[in-house]
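These notes are about the structure you will find just below.
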Amino acid sequence: MRYHRLDLNLMVALEALLSECNVTRAAERLNLGQSATSSALGRLREHFNDPLLVPVGRRLEPTARARGLLPKVREALALTRALVDPPAAFDPRQCQRRFTVVASDYVAAVLMPAVSRAVARAAPGVRLALRDLPLPRGGDAVSEALDYRRSDCVIVPQRRLNNEYPHAPLLVDQWCCIVCAQAPVYERGLTLAAYREAEHVVREFADGRTLAMDAVYLAERGIERKVGVALESFSLMPAFVTGSQRVATVFRRQAEQFASTYPLRVLPAPLDFPEALQVLQWHPYQQDDPALAWFRGLLAEQAAGLNQA
């Protein structure tokens, strides 16, 4: 079928090409030869009057036009499948899927082990893939994770929420501080003056941006920390606090995990940090996918158990 001189079968090829950014992998996904897939890309380029995929070094990257097309194409294909595919009752025990979750290493450590155990019990054919939050293009990790990295869902702090995607509250925690248990300067607690004076262990993205919510809160209040060590992972922080007078500001659940392994003291933060809410987001085109709806429900169930603890 053609619409405005475009063979609509090419929409399936377009989604595969823009998702994979690789002609060979797209061909495998489409069960086509590489020459046929390259030909489809040529026709799509001609129709849209845009290269769609351009070489950057040894890889292909989507153009701005392609980035705008991908979520729309996915949504159109999902609607088409909903129209033509017969509805089927979802049975998690029969499900053979791989769910990709994008989240910070804090969420991966605190929530996802329980999720993994629950999945193993209810859906033994399901596999999980955990990915760290991506370096956001234009400051938006949600669209980066869902549109360009083919993730099934992303878990972000509430302040990173993108209202263009469905969302639900998930996990609540509080900020606190960890210090070395042998550091005598903190035996009576941590004052704001000591917090300002201390060297800090902080989380940064690879490009040096400090986007953790504690850093945002402090910046809004004009409080600048002395950064002694900058890391890309919350989970590495206790090793750089132990044996020093450094301070790290972390979520309480992870702080308690750290203190069970490292010689650390967990102290109240000397500032009134707001409650930290993690939000679950997913793509609109996957809203009615029964397997993903089940998985999102399982995430919410496990998070609710933590919130009530």
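The values are calculated or read from the model by the stated rules, or taken from the named source; none is laboratory data. All of these numbers come straight from a predicted model, not from anything done at the bench. Note: ideal-geometry Cβ built from the backbone for every residue, glycine included; neighbour counts use all protein chains shown.
At a glance:
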| item | result |
| --- | --- |
| Flag for ASP272 being among the charged types (D, E, K, R) and under 22 Å from CYS95 (Cβ atoms) | no |
| Extreme residue, farthest from GLU75 (Cα to Cα), among residues of the range 25-42 that are surrounded by fewer than 18 Cβ atoms within 10 Å (Cβ to Cβ) and in contact with a helix residue (DSSP H, G or I) (Cβ under 6 Å, 6 or more places away or on another chain) | GLN34 |
| Which numbered condition LEU60 fails, given (1) assigned to a helix (DSSP H, G or I); (2) buried (at least 18 other Cβ atoms within 10 Å of the Cβ) | (1) |
| Some residue of the range 147-157 being under 23 Å from LEU280 (Cβ atoms) and not assigned by TED's automatic domain parsing to the domain that holds THR100 | no |
| The range 237-265: number of residues that are of a type in the set (A, V, I, L, M), assigned to a helix (DSSP H, G or I) and surrounded by 15 or more Cβ atoms within 10 Å (Cβ to Cβ) | 4 |
| Matching entry among GLU199, GLU187 (being of a type in the set (Asp, Glu), over 14 Å from the mean Cα position of the chain (by Cα) and at pLDDT 95 or above) | GLU199 |
| Test for ALA219: is it farther than 30 Å from ALA122 by Cβ and assigned to a helix (DSSP H, G or I) | yes |
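Residues are listed down the side, and each one gets a yes or a no for (1) touching a residue at least 60 places away in the same chain (Cβ under 8 Å); (2) buried (at least 18 other Cβ atoms within 10 Å of the Cβ):
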| residue | (1), (2) |
| --- | --- |
| ARG97 | yes, no |
| THR100 | no, no |
| ASP105 | yes, yes |
| ALA109 | yes, yes |
| LEU128 | no, no |
| ARG131 | no, no |
| CYS153 | yes, yes |
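Conditions (1) in contact with a Lys or Arg (Cβ under 9 Å, 6 or more places away or on another chain); (2) assigned by TED's automatic domain parsing to the domain that holds VAL107; (3) of a type in the set (Phe, Trp, Tyr), marked per residue:
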| site | (1), (2), (3) |
| --- | --- |
| GLU199 | yes, no, no |
| ALA212 | yes, no, no |
| ALA215 | yes, no, no |
| GLU220 | no, no, no |
| GLN245 | no, no, no |
| PRO263 | no, no, no |
| LEU267 | no, no, no |
| GLN287 | no, yes, no |
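Quick grid of which residues meet (1) in contact (Cβ under 8 Å) with a residue 60 or more places away in the chain; (2) farther than 27 Å from LEU306 by Cα:
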| residue | (1), (2) |
| --- | --- |
| CYS177 | yes, no |
| ALA181 | yes, no |
| ARG196 | no, yes |
| ASP214 | no, no |
| ILE223 | no, yes |
